[in-house]
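Working notes for the structure below.
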Amino acid sequence: MKKFNEHFDIWLFLYMVGLVLFGFLAIYSASNGVGAVDLFYKQLAWFGIGLLAMAFIYYTDHRVIIENAYFLYVIGLLLLILVLFFGTKVAGATSWVRIGVINIQPSEIAKVTTILAFARYLSSDNTDLANPLDVAIAFSIALVPVVLVMLQPDMGTTLTYLSFIFPTLIMAGFNAYYLLLLAIPVVLGIVGFINVYMLIGLTAVFFLVLYFISKGFRFVNIATTIIGFAGGLITFRYAALILKPHQLKRIQTFLDPMSDPQGAGYNALQAKIAIGSGGIFGKGFLEGTQTQLRFIPAQWTDFIFCVIGEEMGLIGSLLLLGLFLGLFLRMLWLIIIIKNKFVEATLIGFVSILMAHVIINIGMTIGLFPVIGVPLPFLSYGGSSLLGNMIMVAIAMNFFRNKRHLGY
């Protein structure tokens with residue numbers, strides 16, 4: 001038993017299984033009320049496929065994963081290109097490819113392959129993050145899939161793709177100062193269509209420039225700050241032109257759901273009602289009125305947290321968040337005990353992208369963020385998403401199994 005525990009990360013596996021079980025309960029309840037319980041059995045089948053994939057990855061030599069990271073990345077890109085030409089449109093985005101009787105979402109698998117390739121490049125002895133060319137190549141590896149996903153278009157998935165770039169670069173040793181400057185255009189772009197934020201954004205950047213100048217930074221740093229500031233102004237000015245009308249509508253109703261309670265603001269209002277009505281202990285399994293009467297569209301996918309909140313209450317929601325926290329901390333613990341650059345970059349990428357999914361999904365459900373199409377990892381209905389997430393856990397477990405060879 002002791003030898004088994006030395007090679008098999010039972011805690012990481014149990015955290016994942018606990019999350020999947022939460023998902024099964026929520027999907028069954030959400031689909032049972034509308035006569036679509038077959039979705040539950042499809043998710044069970046995908047879980048079985050995921051377990052087989054996990055077993056294969058777990059027993060694969062870790063060197064095979066590292067050495068084939070670029071090859072897997074190319075496969076991921078080809079799948080993303082394939083979906084642009086032969087994809088099936090679902091909810092306004094051409095994100096799916098139909099193979100026989102099943103739909104596959106390549107972007108969910110490409111998340112894993114992109115992180116692996118990104119980590120492989122950043123951990124290479126030939127990569128110098130002080131060299132602008134090497135940094136440009138690193139960003140290209142991460143951003144090419146982002147562009148392909150944007151062409152689908154799928155804004156929710158695009159945001160999650162961006163989430164792992166900065167944490168992984170910092171883990172690899174890139175100067176956080178420059179990442180902060182790169183974030184300025186993004187932040188100002190997000191709030192660029194809301195005039196009330198102009199003063200806040202410009203003031204923040206102004207004091208940022210003053211701070212770095214007061215610290216005696218070299219000319220190149222001051223120049224880079226000014227460039228970042230200019231980029232922020234540009235994205236601020238044109239953000240509203242870049243976003244599509246329905247995306248602007250979602251953000252506007254996020255600020256004021258009652259502006260369109262029967263339209264764009266409907267989901268957000270109903271989600272709050274469902275979670276608030278659950279109270280501390282919830283209404284009980286299969287007893288949620290919002291869930292069973294289907295007041296919330298997509299309640300087994302993007303809004304599955306509403307089912308948890310309504311039927312399991314605050315206690316169930318906190319238990320769910322505890323499982324996510326345990327999963328993230330376990331992966332971060334692996335980073336600490338395994339002294340390997342590739343492992344560090346890969347796992348911080350996995351943690352970042354999974355955490356982004358959790359924060360965005362639950363945030364939009366409780367009204368902290370605009371409504372965008374981001375599934376809740378391991379819980380939301382969707383075979384591709386579940387499979388991709390299970391593959392991440394399998395790779396982490398493979399690292400644990402081979403920790404002595406990787407630098408334990």
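Among 123-131, 374-382, how do they line up by average Cβ neighbours within 10 Å per residue, starting with the highest?
374-382, 123-131
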Item to complete: Can you tell me the order of 158-167, 73-82, 347-356 when each peptide is scored by its average per-residue count of other Cβ atoms within 10 angstrom, highest first?
Response: 347-356, 158-167, 73-82
Worksheet item: What ³J(HN,Hα) values, in whole Hz, does the Karplus curve 6.51 cos²θ - 1.76 cosθ + 1.60 give for region 368-381 when θ = phi - 60°, with x put for Gly and Pro?
Response: 7, 10, x, 6, 9, x, 10, x, 8, x, 6, 10, 4, 5
Worksheet, complete the sentence: If each K or R counts +1 and each D or E counts -1, the residues other than Asn32 whose Cβ falls under 13 Å of its Cβ total -2
Worksheet, complete the sentence: Computed about the Cα centre, the charge dipole of region 260-402 from +1 Lys/Arg and -1 Asp/Glu charges at the Cβ has a magnitude in debye, to the nearest 20, of 460 debye
Worksheet item: At q = 0.11, 0.16, 0.20 Å⁻¹, what is the log10 ratio I(q)/I(0) for region 333-408, with the Debye formula run over Cα points and no solvent?
Response: -0.36, -0.65, -0.85
Worksheet entry | Cα gyration tensor category, rounded, prolate or oblate, for region 33-163 with a/c compared to 1.5 | oblate
Discussion item. Let's test the formula: R0 of 22 Å, r as the Cβ-Cβ distance of Asn103 and Ile49. What FRET efficiency results, to the nearest 0.05?
Written reply: 0.95
Fill in: Virtual spin-label span in nm between Trp11 and Phe85, 7 Å along Cα→Cβ
4.8 nm
Practice prompt. Give the calculated FRET efficiency between Ile75 and Ile280 to the nearest 0.05, with a Förster radius of 56 Å applied to their Cβ-Cβ distance.
Written response: 0.75
Worksheet entry | Zone residues, region 36-64, relative to Phe24, backbone N less than 19 Å from point 7 Å out along Cα-to-Cβ | 36-55
Response to the item:
Note, Tyr73: beta-carbon cut-off 12 Å, +1 each Lys/Arg, -1 each Asp/Glu, net +2
Discussion item. Please compute the length gained on full extension between Lys42 and Asp61, using 0.36 nm multiplied by the number of residues separating them and subtracting their Cα-Cα distance.
Written reply: 3.8 nm
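FRET efficiency for Leu129 and Arg294, Cβ-Cβ distance as r, R0 = 60 Å, nearest 0.05?
0.75
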Worksheet item: Counting only the backbone N, which residues of region 53-68 are under 18 Å from the spot 7 Å out from the Cα of Arg404 toward its beta-carbon?
Response: 59-63
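A short reminder: the numbers here are calculations on the coordinates, not readings from a lab. None of the values given here were measured: they were computed from a predicted structure. Glycine gets a Cβ as well: all are built from the backbone with ideal geometry, and neighbour counts include every protein chain shown.
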